[in-house]
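The values are calculated or read from the model by the stated rules, or taken from the named source; none is laboratory data. No experiment lies behind these values; they were computed from the predicted model shown. Every residue, glycine among them, receives a Cβ derived from its backbone with ideal geometry; neighbour counts consider all protein chains shown. With ligands, DNA and RNA removed, areas are computed over all heavy atoms of the protein, side chains included. Shrake-Rupley method; radii C 1.70, N 1.55, O 1.52, S 1.80 Å.
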There are 2 protein chains.
Amino acid sequence: MEVTRSNFKDNLNKVYEAIEESDFLAIDGEFSGISDGPSVSALTNGFDTPEERYQKLKKHSMDFLLFQFGLCTFKYDHTEEKYIMKSFNFYIFPKPFNRSSPDVKFVCQSSSIDFLANQGFDFNKVFRNGIPYLNQEEERQLREQYDEKRSQANGAGSLSYISPNATKCPVTIPEDQKKFIEKVVEQIEDLLKNEENESLELEPCTGLVSEITHLLKKKNLFWPYRIGGVIKKKKLFTWERYIVISKVNEEERKRREQQKQAKEQEELNDAVGFSRVIHAIANSGKLVIGHNMLLDVMHTIHQFYCPLPDVTFFRFNLFSYYFVSRLLDTKLMASTQPFKEIINNTSLAELEKRLKEVPFSSPKVESADGFPSYDTASEQLHEAGYDAYITGLCFISMANFLGSFLSPPKNHVSARSKLIEPFFNKLFLMRVMDIPYLNLEGPDLQPKRDHVLHVTFPKEWKTSDLYQLFSAFGNIQVSWIDDTSAFVSLSKPEQVQIGNLNCSCAYSCVLIMCKVSRP
Amino acid sequence: MEVTRSNFKDNLNKVYEAIEESDFLAIDGEFSGISDGPSVSALTNGFDTPEERYQKLKKHSMDFLLFQFGLCTFKYDHTEEKYIMKSFNFYIFPKPFNRSSPDVKFVCQSSSIDFLANQGFDFNKVFRNGIPYLNQEEERQLREQYDEKRSQANGAGSLSYISPNATKCPVTIPEDQKKFIEKVVEQIEDLLKNEENESLELEPCTGLVSEITHLLKKKNLFWPYRIGGVIKKKKLFTWERYIVISKVNEEERKRREQQKQAKEQEELNDAVGFSRVIHAIANSGKLVIGHNMLLDVMHTIHQFYCPLPDVTFFRFNLFSYYFVSRLLDTKLMASTQPFKEIINNTSLAELEKRLKEVPFSSPKVESADGFPSYDTASEQLHEAGYDAYITGLCFISMANFLGSFLSPPKNHVSARSKLIEPFFNKLFLMRVMDIPYLNLEGPDLQPKRDHVLHVTFPKEWKTSDLYQLFSAFGNIQVSWIDDTSAFVSLSKPEQVQIGNLNCSCAYSCVLIMCKVSRP
């Protein structure tokens, strides 16, 4: 189901219901860019530690906009032995909701935009009709603005007609107008005592509203009158301006107050917008599945909660403060035993194809009534809703495969099964050679890196030059750090004996190499 | 006429022709944002000097993308006494053209995007089908890449089948293969001497191509042979790999070379893309009209030529290095005598309406055959092509009005008339109180600023607090600098006597005021 600003409110309860009833959720995000850094290699070095990778993504990837969010909920029907899925494809845009609201700036990367354009991505839906959102701090500020307005109104009659400056600076009443104003205040006091009269027209005067209010406040006469704005009356050739004071019926006042509060609450909800979906996911406690989901999780927190914390806080407080209770990354799952040996390519499209074949089997999944179904034959990859759907399918196939190892074997392994717990809360790390994941529940793996050399060289060098230099050592892997340095890992750690390397290259260059022992 | 990547090449000659035949051009740009600064007041203070304003725009506005460019050409038909106009609305996007091309990142400001969305702007046309472009440095680099590839090819036979590493590092031939390779080189020499044979299959071998080439190079035998790649032949149960050397017919080689060069030139032209239109405008020497065009001019230089220089260079070298020979800003024109007194609102839409009424008259303008006409009744404001068109209309009306002062009066004043020269090369400055324009041909105006105070105050202060503080001085104008300071200009310079100001405010604040004498 496609959800834009136009139909968001009408469908929000459907979204809540789908989340609440589900066994697990799958999510996916599309962004306006990936890397704002100097180069891709600077963003993803093969020997990054999980902390380094997190810091790099935090620094170079958060200025982009998450502008499409896919959510697919899966509920198992035990009688029919099939999953019922509901898929939502949300378009998201930080449309300013009033003059004082944040004017978000975000970066677009032309290669990413071009990639999405080639997939038929509809940018008009994002920019014309994206659902707005607020992060926690923005929501707090807006709530405070409303509270402040309300307490002003409660404290000093319906001050809505009085200029907002009035309360900013204590009012000093000009000497020549003191008498006039004191008389006005007396008139108002009389009005309030006298049950017959409902309103009062002051003598022609302009302004002075704040001075009058000030004096009434001092006399603790906030209520129940309303300074009803200035009216104009034609007098011969000119217009004269009157201020009208009218009594306010207490019940009427309450009704209006409640109406206003309900309207304010609705405005606030509209402004919080898509963040409400994220809050619902977070509060549901459901297992959340994603494919290669580190960036999705980081963007979700950054955009809908708060600027990203340091990695320790991210790692250990993700659950209590932010997103969800349990995450599962299907790319990490597919790269881990017992899947690692039988799955060659873990890209989402290839994984989905592979999992249709033995020893795996396609799960029985149907879309719920009223929800469109996706056809996996006509691929709609890189639409977030579709990608979330496929990710869910992959998870089910892999989870069920784990059931085949049980005795007796089980065809259906639920999202609550102990069998999948080993895959919880480990986020796949792209192109890191020897640390497969960022662990959200404990310290990261610490592989031996005895066979890894840190090499510096002239900036003209290309990967081929390094291959040539190390040609005597068989297979090597090169991980660029910047223009003039890289990690080179040799296939056999025992080969590493600095000083024995023969540089057959004619460059009169200085090569600095050292062993990298700790990640 | 709408011009996207799909129809750009087909229509480029039409664009060139329209520019070439025109009497003057009008331009307009739409951007993905306006201000990346902390606030609008930080970007536009009412007492900015032209230099300061230029620096602020350079710093805070150039990360946005100019993604729609309107060009409207006007040609006067003396017989029919009317203008013939051709309007082009270009969609522009820095689509990467290959893997090594620049991956441009640009900023979007949600308020600007939202504004354009509300005008019905088509973002899909920009992002899916925008015309690419290169700035001068990128064009130079790409040209160099092509030149380098070509000189490699010319220097060492058709090296296209040889791995690019081959030339990077001088080749050392392994001892055990020297004999084999020397024999191969002899075979090739024989082939070239012998007129009967056209090609030669080497003995089964893998690799060694770079070693062979190296040796042939040493013998100055670059041409006329081609190392024709490796072919495989089935031999019993295995495949054997042969390298084929074939003679190259000189004519055939030249033909292929020319074909390749033409293709390269076309690729280069495609990559330079929309910049070619800007170059054509610049080289035409035509008068270029814009409405409030400072940002348009700055973006055009920044995006299609080079990063913006400092203001002195911008001011005096705009003509020789960059854009055009003469610019005219209709907003500045409308704000200057004799128009100033009879035109209240100089926004483009209001100006266009005003210039339809006496003492002005609507010019006779028709769209050329094959070009769509705009209807000024159904406004399509903020489409760049339409805004350029309207800008041109405004110019014609105002220029013709100047003709009414001549004796005898003239109905038509051409773009070459001396009457409009006073308006040349002065770019309107938005919201600057006393310096109407940035002068591109000389020093800027230096107004007296004796009546302007620089005031500092607590950051809670609002404009109303300043009005209150200065209430004794009648009309004041406040120009915010940042949260805690502003320029305050009094209406009567003689009032300024620092120290005599009575602060009636209850804030226990420190007010620092000083006179601002020089802009």
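For (1) at the interface with another protein chain (Cβ under 10 Å from one of its Cβ atoms); (2) modelled with pLDDT of 95 or more; (3) farther than 21 Å from residue A:314 by Cα, each residue gets a yes or a no:
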| site | (1), (2), (3) |
| --- | --- |
| A:49 | no, no, no |
| A:54 | no, no, no |
| A:61 | no, no, no |
| A:64 | yes, yes, no |
| A:70 | no, yes, yes |
| A:106 | yes, yes, yes |
| A:136 | no, no, no |
| A:141 | no, no, yes |
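Yes/no matrix, rows are residues, columns are (1) more than 17 Å from the chain's Cα centre (by Cα); (2) within 22 Å of residue B:373 (Cα to Cα):
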| position | (1), (2) |
| --- | --- |
| B:71 | no, yes |
| B:77 | yes, yes |
| B:84 | yes, yes |
| B:91 | no, yes |
| B:94 | no, no |
| B:97 | yes, no |
| B:110 | yes, no |
| B:113 | yes, no |
Counting only residues that are in the same structural domain as residue A:299 (by TED's automatic domain parsing) and more than 24 Å from residue A:65 (Cβ to Cβ), how many does the range A:257-287 have?
5
In the range A:364-419, the residues that are of a type in the set (D, E, K, R), closer than 20 Å to residue A:335 by Cα and within 26 Å of the chain's Cα centre (by Cα):
A:387
In the set A:92, A:84, the lone residue that is modelled with pLDDT of 90 or more, hydrophobic (A, V, I, L, M, F, W, C) and open to solvent by 30 Å² or more (accessible area, probe 1.4 Å) is A:84
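Listed here are the residues, each with its yes/no results for (1) open to solvent by 40 Å² or more (accessible area, probe 1.4 Å); (2) assigned by TED's automatic domain parsing to the domain that holds residue B:43; (3) at pLDDT 90 or above; (4) more than 24 Å from residue B:300 (Cα to Cα).
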{"site": "B:352", "(1), (2), (3), (4)": "no, yes, yes, yes"}
{"site": "B:359", "(1), (2), (3), (4)": "yes, yes, yes, yes"}
{"site": "B:380", "(1), (2), (3), (4)": "yes, yes, no, no"}
{"site": "B:393", "(1), (2), (3), (4)": "no, yes, yes, no"}
{"site": "B:406", "(1), (2), (3), (4)": "yes, yes, yes, yes"}
Name every residue in the range A:95-122 that is open to solvent by less than 70 Å² (accessible area, probe 1.4 Å), touching an Asp or Glu at 6+ places or on another chain (Cβ under 9 Å) and within 20 Å of residue A:3 (Cβ to Cβ), in order of residue number.
A:95, A:116, A:120, A:121
Say we look at the range A:412-458 and pick out the residues that are in contact with a helix residue (DSSP H, G or I) (Cβ under 7 Å, 6 or more places away or on another chain), modelled with pLDDT under 90 and open to solvent by 30 Å² or more (accessible area, probe 1.4 Å); which of these is nearest to residue A:23 (Cα to Cα)?
A:437
Could you look through the range A:148-186, keep only residues that are polar (S, T, N, Q), modelled with pLDDT of 50 or more and surrounded by fewer than 14 Cβ atoms within 10 Å (Cβ to Cβ), and pick out the one that is nearest to residue B:469 (Cα to Cα)?
A:172
Show the residue pairs that are 6+ apart or on different chains and have beta-carbon atoms under 6 Å apart, the first residue being within the range B:247-275 and part of a helix (DSSP H, G or I), the second being of a type in the set (Phe, Trp, Tyr).
B:264/B:146; B:271/B:97; B:275/B:133; B:275/B:304
Conditions (1) surrounded by fewer than 19 Cβ atoms within 10 Å (Cβ to Cβ); (2) in contact with an Asp or Glu (Cβ under 6 Å, 6 or more places away or on another chain) -> residue B:28 fails only (1)
If I filter the range B:114-124 for residues that are outside any helix (DSSP H, G or I) and either at the interface with chain A (Cβ under 7 Å from one of its Cβ atoms) or under 16 Å from residue B:275 (Cα atoms) (or both), do I get at least one hit?
yes
